[in-house]
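The values are calculated or read from the model by the stated rules, or taken from the named source; none is laboratory data. Given the structure is predicted, the values throughout are model-derived calculations rather than measurements. Cβ placement follows ideal geometry from the backbone for every residue including glycine, while neighbour counts extend to all protein chains displayed.
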Amino acid sequence: MNDPIYQTDDLIAEDINAYLDQHQHKSMLRFITCGSVDDGKSTLIGRLLYDSKMIFEDQLASLESDSKKVGTQGQEIDFALLVDGLAAEREQGITIDVAYRFFATEKRKYIVADTPGHEQYTRNMVTGASTADLAVILIDARKGILTQTRRHSYLAHLIGIKNIVLAVNKMDLIDYDQGGFDQIVADYRKFADKLGIKDFTAIPLSGLKGDNITSHSENMPWYNGASLIDHLDTITLTDDKPKSEDFRMPVQWVNRPNLDFRGFSGQITGGSIKSGETVRILPSGKTSIVDKIVTMDGDLDEAISGQSVTITLKDEIDCSRGDVIVSADNPPEVADQFEATIVWMAEDAMLPGRAYAMKIGTQMVSASVQQPKYQINVNSHEHIAAKTLELNTIGVCELSTDKQIIFEAYADNPSMGGFILIDRITNATVAAGMLHFALRRSQNVHWQAIDITREGHAALKNQKPRTLWFTGLSGSGKSTIANLVEKKLHALGKHTYLLDGDNVRHGLNKDLGFTDKDRIENIRRIAEVAKLMTDAGLIVLTAFISPFRAERHMARHLLQEGEFIEIHVNTPLEVAEERDVKGLYKKARSGELKNFTGIDSPYEEPENAEITVDTTNMSAEEAAEHIVTHLIEL
Amino acid sequence: MSQLTHLQRLEAESIHILREVAAEAEKPVMLYSVGKDSAVMLHLAKKAFYPSPPPFPLMHVDTTWKFQEMYKLREKAAKDAGMELLVYQNPEAKEKAINPFDHGSLHTDMWKTEGLKQALDTYGFDTAFGGARRDEEKSRAKERVFSFRNANHRWDPKNQRPELWNLYNSRKSGSESIRVFPISNWTELDIWQYIHLENIEIVPLYLSKKRPTVMRDGMLLMVDDERFPLKEGETPEMRSIRFRTLGCYPLTGAVESEATTLPEVIQEMLLTTTSERQGRAIDHDQAASMEKKKQEGYF
């Protein structure tokens with residue numbers, strides 16, 4: 001058991017150059033191990049590292065002493081302790097995140113994503129699986145297929161892993177019984193068929209005893225297949241390439257050391273490219289010919305998927321980060337409305353309609369997700385109706401982006417269809433998504449080019465168009481002050497229009513209520529109307545509570561730089577409640593009115609409002625004067 | 001060329017990460033320790049932006065106690081890469097003459113941990129590349145490629161972002177900063193092999209040579225300059241030694257070795273049975289000490 005198995009020590013000792021040559025030509029395989037603590041996953045990984053000599057004597061010494069102190073294997077080595085990472089989880093005896101491990105055999109270098117099996121499972125496993133070529137799904141031979149086996153298999157399949165190994169572990173505990181193994185394989189095949197998993201390889205093994213890990217086990221003469229390592233070493237990763245063989249390179253960075261050189265740097269995510277070939281730049285659609293493929297090691301004749309290169313073109317064409325250079329004859333689609341599978345990864349549930357930042361390749365856009373069409377139960381795979389997505393849930397949703405993006409279906413090319421969503425306020429990565437297809441309505445609605453521009457509208461009115469966005473609690477005085485400001489601007493000969501919260505809810509937004517979701521949609525529509533009116537050259541005043549920073553942020557980004565003026569009508573809750581002009585606070589306090597801002601729904605104060613007026617020490621008239629004076633200065 | 005080798009895949013991944021930061025960060029910097037991992041990281045940066053020089057400076061958080069040969073290579077490497085070299089020394093540590101002989105772990109705390117925080121704050125860097133690898137140590141295995149630090153440069157292992165595919169989220173609030181580890185997925189063997197293949201210049205101390213040494217507390221230390229206080233009965237002895245890892249010379253243990261070429265070094269490494277970090281005094285303090293140091297802001 002102490003013999004290092006994978007590394008040819010003789011070769012290293014006798015001819016290091018031959019060994020280095022062999023090592024240099026190794027390929028790489030990344031795989032994920034799925035299973036819970038009880039399946040012996042950490043023990044298995046610990047053994048792979050141990051057998052491949054990735055453990056050194058000093059580590060082994062601490063492993064031996066730890067095994068005796070906190071191990072679960074009596075006086076024997078507890079391999080699980082090897083892969084145990086952070087101090088907190090050492091105490092809890094569970095792993096809490098994705099850990100990456102490394103080992104090498106004579107043929108391959110391996111990167112193992114090790115994910116734990118508790119409630120954060122979905123998030124961790126999807127993360128680990130996103131970079132894996134293969135999944136090892138562990139099963140305890142005594143227990144057979146469990147709910148979590150189904151969950152692991154579903155998630156591996158969802159992320160598009162085509163190579164699945166069913167590792168039936170702890171065979172020693174069922175006396176290496178072939179019948180037990182065959183039954184598990186038959187059960188799994190039935191389930192895999194239903195899920196759409198075309199193929200898998202089942203291996204009976206024992207991580208603890210070392211059966212069928214590196215070599216064929218004498219304890220299971222009835223098993224004719226390969227050991228786990230033999231299988232991993234020899235499997236051809238047929239389906240790990242994108243279906244699309246067409247050239248794709250998202251532009252990361254424009255390389256411009258001097259006026260004579262202009263290169264586009266990126267990692268090729270599909271197909272290959274040769275100098276002299278014709279390419280198309282998306283989204284502009286312009287074509288050119290590849291001049292050189294530049295690297296520090298010299299120009300290349302050809303570059304293939306996976307390589308990071310810099311490309312120069314024969315023509316001077318506009319191309320920047322976020323553009324994608326593609327083969328001219330088979331470009332990917334461009335659209336702004338999609339159906340996608342979304343895995344929610346944040347404590348705060350998804351808010352349908354809210355604008356999140358979306359990163360897909362090197363493109364960064366703003367995206368809002370609609371209420372899920374359905375949520376997927378990761379255990380039973382049933383479709384469930386859902387209004388939102390909570391932490392660790394998966395759903396199919398429609399989403400729209402603020403500008404067109406270049407994409408392919410995730411199933412065809414994961415790097416052109418996989419994306420993350422980012423909360424604009426906390427900056428946390430809140431979701432991972434996989435695009436299915438573009439919705440037809442987006443393909444058929446084209447942007448109509450209009451000859452009279454927004455500058456033209458503004459010039460005729462001889463004013464700088466703006467949106468004055470009043471925000472504050474109910475009863476803070478927004479409408480009163482906005483009304484006075486409009487009167488003053490009107491008197492100055494300005495063309496204005498006031499959008500008032502209550503008034504808009506009588507018409508345009510009369511179908512909306514006061515849930516968080518409806519509030520977001522309310523503000524989205526107002527923002528879009530304000531944008532159109534600002535385009536038309538008007539000074540627009542909006543007076544809405546608009547309680548969430550994210551939506552005010554969205555409105556700001558719809559407009560041109562400097563056009564959005566956020567005005568915080570700052571009135572403390574006690575004061576607004578004391579005033580209670582419409583009697584709403586009273587109703588909210590009595591429970592008659594639900595979701596009332598400040599009472600049972602939050603108000604997020606602006607952090608950097610252009611103008612703040614404090615109504616506790618200013619009259620409405622003074623506040624209006626203050627705002628107008630300020631506006632003239634701006 | 002039908003399939004990339006593991007080194008080609010690692011190289012392409014690292015270059016991708018370097019370029020993402022160059023494109024998205026406001027003020028990036030590359031932390032450069034002059035060691036072999038830094039050498040590989042710097043080489044990858046040169047490749048990532050060729051023919052431009054890397055669009056960020058190199059910064060060495062210096063303790064004044066590095067090996068002399070490291071200081072020599074530091075200047076040359078920056079010049080060869082066409083990059084600005086910033087050297088930062090914690091003025092308080094300097095004033096108090098903090099040194100590894102008299103001050104124990106305070107030396108690392110003040111020169112390195114504090115020095116790094118001060119350096120980043122002084123220059124206002126929002127993103128710093130570091131040459132850490134996941135295979136170095138248990139607590140590193142879970143480290144993200146993009147690792148977030150709060151305004152006090154502290155690392156919260158429970159509050160790190162999930163990293164999917166090759167999509168890195170580099171957005172952050174004003175006071176946060178990011179450490180980015182482009183060679184996260186490289187192993188020690190990968191590093192050596194790549195240095196060998198790409199002919200990357202490294203500090204000669206990695207190769208064996210007769211050097212003046214003393215044996216102290218089980219560690220073989222090199223007497224690198226006259227600041228080394230010899231204890232009673234100690235006389236420097238010429239031994240054929242090399243280093244597997246380089247830091248402050250009074251804290252870095254050497255190994256006796258006859259390996260004078262890179263393949264020989266790799267050969268010894270593969271046949272040896274002690275892990276790389278054992279030569280560093282810093283890790284032996286307490287169980288999971290690296291994790292504690294990271295939470296406090298050590299790289």
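Values as computed for the structure displayed
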quantity: When residues of segment A:564-607 are limited to those that are part of a strand (DSSP E or B) and of a type in the set (A, V, I, L, M, F, W, C), the one farthest from the chain's Cα centre (by Cα); calculated: A:V569
quantity: Per-region count, segment A:254-272, residues within 27 Å of B:M83 (Cα to Cα), part of a loop (DSSP other than H, G, I, E, B) and within 11 Å of chain B (Cβ to nearest Cβ); calculated: 1
quantity: Meets criteria (in contact with a helix residue (DSSP H, G or I) (Cβ under 8 Å, 6 or more places away or on another chain), assigned by TED's automatic domain parsing to the domain that holds A:Y50, outside any loop (DSSP other than H, G, I, E, B) and among the small types (G, A, S)) for A:A167; calculated: yes
quantity: Which listed residue, of A:K274, A:K209, A:K198, is loosely packed, with under 14 Cβ neighbours inside 10 Å and in the same structural domain as A:D51 (by TED's automatic domain parsing); calculated: A:K198
quantity: The listed residue being buried (at least 19 other Cβ atoms within 10 Å of the Cβ), over 26 Å from B:S173 (Cβ atoms) and either free of Cβ contacts under 8 Å to residues at least 40 places away in the same chain or of a type in the set (V, I, T) (or both), out of A:T629, A:T616, A:T534, A:T597; calculated: A:T534
quantity: Matching residues, segment A:537-578, being exposed (fewer than 15 other Cβ atoms within 10 Å of the Cβ) and charged (D, E, K, R); calculated: A:E561, A:E574, A:E578
quantity: Single unsatisfied condition, A:L399 versus (1) within 14 Å of chain B (Cβ to nearest Cβ); (2) outside any loop (DSSP other than H, G, I, E, B); calculated: (1)
quantity: Filtered residue count, segment B:62-93, keeping only those that are loosely packed, with under 15 Cβ neighbours inside 10 Å and part of a helix (DSSP H, G or I); calculated: 8
quantity: Members of segment A:582-594 that are free of Cβ contacts under 8 Å to residues at least 60 places away in the same chain and among the aliphatic types (A, V, I, L, M); calculated: A:A588, A:L593
quantity: Count of residues meeting criterion [among the hydrophobic types (A, V, I, L, M, F, W, C) and within 14 Å of chain A (Cβ to nearest Cβ)] in segment B:109-150; calculated: 5
quantity: Selection count, segment A:338-378, where residues are part of a strand (DSSP E or B) and under 17 Å from the mean Cα position of the chain (by Cα); calculated: 20
quantity: Boolean, A:P257 is over 30 Å from A:K109 (Cα atoms) and either in contact with a Ser or Thr (Cβ under 7 Å, 6 or more places away or on another chain) or in contact (Cβ under 8 Å) with a residue 24 or more places away in the chain (or both); calculated: yes
quantity: Any hit, segment A:309-319, residues being outside any strand (DSSP E or B), within 29 Å of the chain's Cα centre (by Cα) and over 28 Å from A:V378 (Cβ atoms); calculated: yes
quantity: Candidates B:I183, B:I191, filtered to the one that is aliphatic (A, V, I, L, M), part of a helix (DSSP H, G or I), touching a helix residue (DSSP H, G or I) at 6+ places or on another chain (Cβ under 9 Å) and more than 8 Å from chain A (Cβ to nearest Cβ); calculated: B:I191
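Listed here are the residues, each with its yes/no results for (1) surrounded by fewer than 18 Cβ atoms within 10 Å (Cβ to Cβ); (2) out of contact with any Phe, Trp or Tyr (no Cβ under 9 Å at 6 or more places or on another chain); (3) modelled with pLDDT of 95 or more.
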residue: A:C319; (1), (2), (3): no, no, no
residue: A:D329; (1), (2), (3): yes, yes, no
residue: A:P332; (1), (2), (3): no, no, no
residue: A:M345; (1), (2), (3): no, yes, no
residue: A:D348; (1), (2), (3): yes, yes, no
residue: A:A355; (1), (2), (3): no, yes, no
residue: A:K359; (1), (2), (3): no, no, yes
residue: A:H381; (1), (2), (3): yes, no, no
residue: A:I384; (1), (2), (3): yes, no, no
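Rundown of residues vs (1) under 30 Å from A:I384 (Cα atoms); (2) of a type outside the set (K, R); (3) more than 14 Å from chain B (Cβ to nearest Cβ), yes/no style:
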| site | (1), (2), (3) |
| --- | --- |
| A:K274 | no, no, no |
| A:I281 | no, yes, yes |
| A:M296 | no, yes, no |
| A:D329 | no, yes, yes |
| A:G353 | yes, yes, yes |
